Amino acid sequence: MSNTASHLDETSAAADSNAVHKIDQSGFASLGLDPRLLDSLLKLGYEEPTPIQRAAIPPLLEGRDVLAMAATGTGKTAAFALPMLHFLNPEARASERIAGLVLVPTRELAMQVAEAVHRYGKALGVQALPIYGGAPMEPQLKALKRGVDVVIATPGRALDHLRRKSLSLAHVKVVVLDEADEMLDMGFAEDLEAILESTPKDRQTALFSATLPPRINSIANGHLTDPVRVRIDREVVAAGESARVRQVAYVVTRNHKMAALGRVLDVESPTAAIVFCRTRTEVDELNETLTARGLRAEALHGGLSQDQRDRVMKRFRAKKTDLLIATDVAARGLDVDHVSHVVNFDVPSDAEAYVHRIGRTGRAGRTGVAITLAEPREHRLLRNIERLTGQPIAVEAIPTVSDLRARRLELTRATLRDAIIEAAENGGTEAGHEVIASLAEEFDIFDIAAAAVRLLDAGRQGTEEPEIPVASVRPERSSYGASGGSSSGRGSRGDRGDRGARSERGDRGIVGSRSERPSGAAGRVASASASGKRSESKAAPKPRASSGSMTKLFVGGGRKAKIRPGDLVGAIVNESGVPAADIGAIVISDRHATVEVPSGKADQILEALGAAHIKGKKVPVRRDRVG
């Protein structure tokens, strides 16, 4: 088997080095596509091929079979659709017209791929038809009788048409299996075998999958001929750069999860979000609760009729719905440009499912946020996901009531600023001057403005919400044993009961490649909130390990620099090797922070932090002069 130049399959690179494809690093024109396709791409705003497109298009244009491993959102639809369209002959008669077959796992993905094929092939006059279960059969029968060039089908409905003899695959030149691993997971293995057996033996076949389990290799061995193997790993983000999808998790007990979701959504203010749940029942309950909170939410799951699902998706795409509450299967293949956030109401037990879920945001160069609500017992699953993806998931404290107030004031400020700018641009700045002038005779102008802000902000606040308690998390014995941090067992026994979610806060700002977070220090962190409401007196007692002499260190950065207790704990553990269990109370103020460390290790920690970065910046660290 041969491979592409920059994405060689490790197992076969040496064996077929003579068949390696050299990928030109310029634009689509270098790939040898039909000029009419290039014009279509130009009109659609496509500029540079993605890695999967650079790797897969040349061998497909050569007529080679391709076995590709690429994650959702990497541009693989164009990678197989463009070569397919390049070879099609739309002028052939209807009886010989179906030249391309694309098999996909879900109705939504079938519609998405059909739309893409139509857009790419518009200049060629290509006719694409999605066929899927749950839709009326008659329109599909009529369209097939008229003749189409490309059929995009779910396996069950394709097999149904084959048995009715309404679908003929005798002249198919290209077959594509998209999201092949998902089709197998959904139980379509036998259907796929039957469909492939109905196609010509000399067809070209391309198989695209997010993973390559043994079952995929079995299909490849049985139905692909000497395939070019392509593997596109997830983009590695260079140190100091931001990932396209910011991944964050909040540890919360089950009975507070709904309140936590509402709090997080209020603070994040997503443009549009998809909230994933495990069951239909959970989707319906969550949808009802969020709608009652005044949010524009819609449910999407397999229990809805196809007409209902179509209406839900139409409203979501039209931005008439802000939140889509969905199960995995129902949302498979969705590609909505304006999705800014993905929320996992539960941690997926399968790390691959997590990858597929967060692929709904941050697509094709856009930025996004992936939020996971994890129960304390699910903390281990987060670590498994980190190991699979190679990307850190920052575990942070649930936003407090003070954080929420600060966010609402931010929104109020932004609303006022926009109103002032709009009034200035439209010549309406004098509106209200008479009222302000009259009030200014009696009150200070700043008091008048502050009162106006309070009135505007009052409409956002609603009822006062209670604080959400911090959930206890058992420390992981081996969190730092292999990376030069705390030893695997130290400090893990006597103080388990007071380890909270804050112990697992992310270390995104800490230099280095370590993605594991320290598992101690949470229960004894005293953190001031965004408005300074959390008092220093709330510091929890020091653990047994820190009962000796302690030295207080001064850190020249605080809330204004977005430094949180977890950042300090992570920096100390990562850079000095001092166990998290040895760290004492941490207090965060607006412009500085203090942290208690064992006196005997103070110099070691000072030296290590002096060369480290916290939140991506170097900050001064010294002994606290008053402590």
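The values are calculated or read from the model by the stated rules, or taken from the named source; none is laboratory data. Model, not experiment: these values are computed from the prediction. Quick reminder, even Gly has a Cβ in these numbers, built from the backbone with ideal geometry, and neighbours come from all protein chains shown.
Structure notes:
- Some residue of the stretch 159-182 being within 22 Å of Gly121 (Cβ to Cβ), without any contact (Cβ under 8 Å) to a residue 60 or more places away in the chain, touching a strand residue (DSSP E or B) at 6+ places or on another chain (Cβ under 8 Å) and among the hydrophobic types (A, V, I, L, M, F, W, C): no
- Test: residue in the stretch 353-361 that is in the same structural domain as Leu323 (by TED's automatic domain parsing), over 16 Å from His256 (Cα atoms), touching a helix residue (DSSP H, G or I) at 6+ places or on another chain (Cβ under 6 Å) and at pLDDT below 80: no
- Filtered residue count, the stretch 580-598, keeping only those that are in a loop (DSSP other than H, G, I, E, B), within 32 Å of the chain's Cα centre (by Cα) and buried (at least 23 other Cβ atoms within 10 Å of the Cβ): 0
- Residues in the stretch 246-259 that are crowded, with 21+ Cβ neighbours inside 10 Å and out of contact with any Ser or Thr (no Cβ under 6 Å at 6 or more places or on another chain): Gln247, Tyr250, Val251, Val252.
- Complete set of residues in the stretch 158-193 that are among the basic types (Lys, Arg) and in contact with a Lys or Arg (Cβ under 9 Å, 6 or more places away or on another chain): Lys173
- Filter result (among the acidic types (Asp, Glu) and either in a loop (DSSP other than H, G, I, E, B) or out of contact with any Lys or Arg (no Cβ under 7 Å at 6 or more places or on another chain) (or both)) within the stretch 278-308: Glu282, Asp284, Glu285, Glu288, Asp307
- Filtered residue count, the stretch 47-59, keeping only those that are under 12 Å from Ala81 (Cβ atoms) and not β-branched (Val, Ile, Thr): 2
- Checking Arg474, Arg454, Arg413 one by one, the residue that is out of contact with any Ser or Thr (no Cβ under 7 Å at 6 or more places or on another chain), outside any helix (DSSP H, G or I) and either modelled with pLDDT of 70 or more or among the basic types (Lys, Arg) (or both) is Arg474 and no other.
- Counted residues, the stretch 560-576 - those being of a type outside the set (A, V, I, L, M, F, W, C) and closer than 12 Å to Thr594 by Cα: 2
- Selection count, the stretch 102-120, where residues are closer than 17 Å to Val175 by Cβ and of a type outside the set (A, V, I, L, M): 1
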